[in-house]
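Please read the structure below before turning to the comments.
All of the numbers you see were taken from the coordinates with simple rules; none came from a lab. All values derive from a computational prediction rather than experimental measurement. Methodologically, a virtual Cβ is constructed for each residue, glycine included, from the backbone with ideal geometry; neighbour enumeration extends over all protein chains shown.
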Amino acid sequence: MAREIWKWLGIPLIMIAIAAVIVIYSVNNPTDSIVARMLTYERVFRVIREHMGLLLVSMTGAIIVGVAGGIMLSRPSLYRIGRVMETFVNIGQTVPSLAVLALFYTILGLGFNVAVFALFLYSILPILRNTFAGIDGVEHNIIEAARGMGMRPLRILTKIELPIAFPIIVAGIRTAIVINVGAATLATFIGGGGLGDLIVTGLSVHRDMIIVNGAVIAAVTAILLDYLIGKVEERVVRWA
Amino acid sequence: MIKLEGLSKVFPGHNIPAVKDLNLEINEGDVCVLVGPSGCGKTTTMKMINRLYEPTGGKIYIRGEDALQMNPIKLRLDIGYVIQEIGLFPHMTIEENIATVPNEKQWPKDETKQKVSEVMTLVGLDPKVFKDRYPSALSGGQRQRVGVARAMVSDPPIMLMDEPFGAVDPITRARLQNEFLRIQERMGKTIVFVTHDIDEAIKMSDTIAVMREGELVQHATPSDLLSAPADEFVSNLVGRNRSIKRLHLIRINEILDEVDRAKPASEDAKIGEVEKQIEESDIRSVIVVDKDNKLKGVIGVSDLKRKSGEVAGDYCQDVTDTITSDATLNDALSVMLECGEGYVAVVNEDDQYEGTITLGDLLNVVKEEG
């Protein structure tokens, strides 16, 4: 059991340690008084908290809406719309995240909520597409066997389609999270806070040390979340 | 048991009906095989029986009840269903797969477990070994068995099988067919079986329904179909070598008593006596058994010269392949051709010798029946 836990936590702990070492070193050995003023524990914790807030709220919404939407579009009555949606999502994803934020800034103004909303919309796309594609990809004869044995449509969805599509849905969520962590660094431009604060501040005062702190924490967050979800998925999907 | 009356199906967007005005009656406990070229409507007909396809015309009666008035879910729960390529659920263990219908019917957990275990044993899968495996860890033949087990677990009176033995090699298929017939003999289910393989149809069926372009061409027992095909289409489907196809219809145990059963030699018999026996035998060989009547091997003329010793056991060599008495004569012929011998030894499950079938015996059968 203990070994199992270490196998799970080994990589995350190393990642966190690396980020912590960089932060502690930078705060204790600032290159000059500007860095000392701009880079404090208090500020680092605040931007991490803000970043996690952006991430958590927008991802929760995106997972709920994306998965539910994908399921709905995969039903026979909406299936045609689903196929069209796939194309639109692909086009939608070519729009840069900065442009999405800028767009919502012009419509809704500044603040945390606007940033969350923009990130939410942007993260729905891969989840929606993968949920639809995952369910659509379940082999026809499997569904037919289930129907032929007398399973009701709702039971087929919950017992057959969703479990088989699960790895693909999770892949969509992982993609969305990685994109989201990166895109959330841009929230600072519309007053959304987050790790982008450190990066933008660092850029404006020409102090690389501050930029590096923001960038490293963002990168570690992305890798960590992706890794953990991957591990959970491995645990759940035993049949592949 | 199942009665189809003027059944028709026109798929939306098609002018030509997939099935038109089909009348067919299947008696309780019979295996009715729907056979015909692809696109003849046999699968469509089968899927209308459990209403995966809604008929566009006609009636379906199951035990006198109008199936089209019944709740389709209830209807399907009481009809076993095995499809092409089996359609096992890849994310469920074998046990969970087989328990599908009991779970839908909300049987108590331990009753389900018990029944799954029983039915796995019935189809020849050891529950201890296989129940926790996933379908991806099974061979083609094992998956077919799971497919059949899944359809049988709730003991439905009717089973629909769409090319259930399609996706395996011919040898495995023959074995699965024989096992299935043995199970069916005990269970006596009413079965609608779809195949495009006329040999399989002849072997498996009590009655055969030949279909072409959505219409029923002939519905008859295999024997009648072979001796009196309704038209050229049927006789072409059955093929030219009809008398050989008759071999599918006869099981070894039906003729084993009639054939001139050459006595086996015991392994400690004097070689002189055995030599005489070989001389007299029309296959120029003698089967050797041990004192429990278990098959030891065979001695041919050439073995007498090649080896030396005093008793039969010293001369005998292994037989290449054997057959059980519930196999068909056609299976026996296959084994003979594969081994390149003019005979095959028949043994029971414990490897005890029961007799020998020779090529000559098969010729006699074909002559008499044809």
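Over all distinct Cα-Cα pairs of the stretch A:1-117, the Kirkwood formula returns a hydrodynamic radius of 18.7 Å. Note on the stretch B:47-178: Rg/Rh from Cα positions, Kirkwood definition for Rh, rounded to two decimals, is 0.99.
Working from Cα pairs under 8 Å separated by at least six residues, relative contact order for chain A is 27 percent.
Using only alpha carbon pairs under 8 Å that are at least six residues apart, calculate the relative contact order of the stretch B:152-228 and give it in whole percent. The value is 26 percent.
Residue ranges B:274-280, A:198-204 sort as A:198-204, B:274-280 when ordered by packing (mean number of other C-beta atoms within 10 Å per residue, highest first). Short-range pairs are left out: with C-alpha atoms under 8 Å and at least six residues apart, the relative contact order of chain B is 16 percent.
Among the residues of B:81-88, the average count of other protein chain beta-carbon atoms within 10 Å of the residue beta-carbon is 5. Considering only A:Asn130, A:Asn180, A:Asn141, the Gaussian network model of chain A with Cα springs below 10 Å gives its largest mean-square fluctuation to A:Asn141. Geometric descriptor of the protein assembly as shown, per residue, is 235 Å³ (volume of the convex hull of the Cα atoms). A helix-only calculation puts chain A at -26500 deg cm²/dmol for mean residue ellipticity at 222 nm, using -39500 (n - 2.57) for each DSSP H run of at least four residues, averaged over all residues.
Backbone geometry of the stretch B:349-359 corresponds, through the Karplus equation with coefficients 6.51, -1.76 and 1.60 at θ = phi - 60°, to 3J(HN,Hα) couplings of 4, 8, 6, 8, 6, 10, x, 9, 9, 10, 4 Hz, x marking Gly and Pro. Remark: mean inter-chain Cβ contacts per residue of A:151-158 equal 2, using a 10 Å Cβ-Cβ cutoff to other protein chain atoms.
Kirkwood hydrodynamic radius computed over the stretch B:104-237 comes to 16.6 Å, based on all pairs of distinct alpha carbons.
In units of the rule-of-thumb radius 2.2 N^0.38 Å, chain A shows an alpha carbon radius of gyration of 1.20. Angle of helix B:140-152 to the longest C-alpha principal axis of chain B, folded into 0 to 90 degrees and rounded to 10: 50°.
For B:Cys339, put the label point 7 Å out on the Cα→Cβ axis and report which residues of the stretch B:152-173 keep their amide N under 15 Å from it. No residues fall inside that zone.
As a calculated quantity, the FRET efficiency between B:Asp231 and B:Leu181 at R0 = 45 Å, using C-beta atoms, amounts to about 0.95. For B:Phe193, the residues whose modelled amide H falls within less than 5 Å of its own, excluding neighbours fewer than 5 places apart on the same chain, are B:Cys32, B:Val33, B:Leu34, B:Met161. Backbone geometry of the stretch A:205-214 corresponds, through the Karplus equation with coefficients 6.51, -1.76 and 1.60 at θ = phi - 60°, to 3J(HN,Hα) couplings of 9, 6, 10, 4, 4, 5, 4, 4, 4, x Hz, x marking Gly and Pro. Based on the Stokes-Einstein relation at 4 °C and a viscosity of 1.567 mPa s, and on the Kirkwood radius from alpha carbon pairs, the stretch B:253-369 is assigned a translational diffusion coefficient of 90 µm²/s.
Listed values for the stretch B:58-72 are Karplus-derived 3J(HN,Hα) couplings in whole Hz (6.51 cos²θ - 1.76 cosθ + 1.60, θ = phi - 60°), namely x, 10, 10, 10, 10, 6, x, 8, 6, 5, 6, 8, 7, 5, x, and x replaces Gly and Pro.
Amide H contacts of B:Val319: B:Val298, each under 5 Å away and 5 or more positions distant or on a separate chain (H built 1.01 Å from N in the peptide plane; Pro and chain starts excluded). Relative to the Cα centre, the charge distribution of the stretch A:2-236, modelled as +1 at Lys and Arg Cβ and -1 at Asp and Glu Cβ, gives a dipole magnitude of about 480 debye.
For chain B, the extents of the C-alpha atoms along the principal axes are 77, 53, 31 Å, listed from largest to smallest.
Based on alpha-carbon centroids, what's the gap between the stretch A:30-90 and the stretch B:162-231 in Å, whole number please? A separation of 58 Å, based on Cα centres. Summary of the geometry: the stretch A:169-194 and the stretch B:51-100, compared by the centres of their Cα atoms, lie 47 Å apart.
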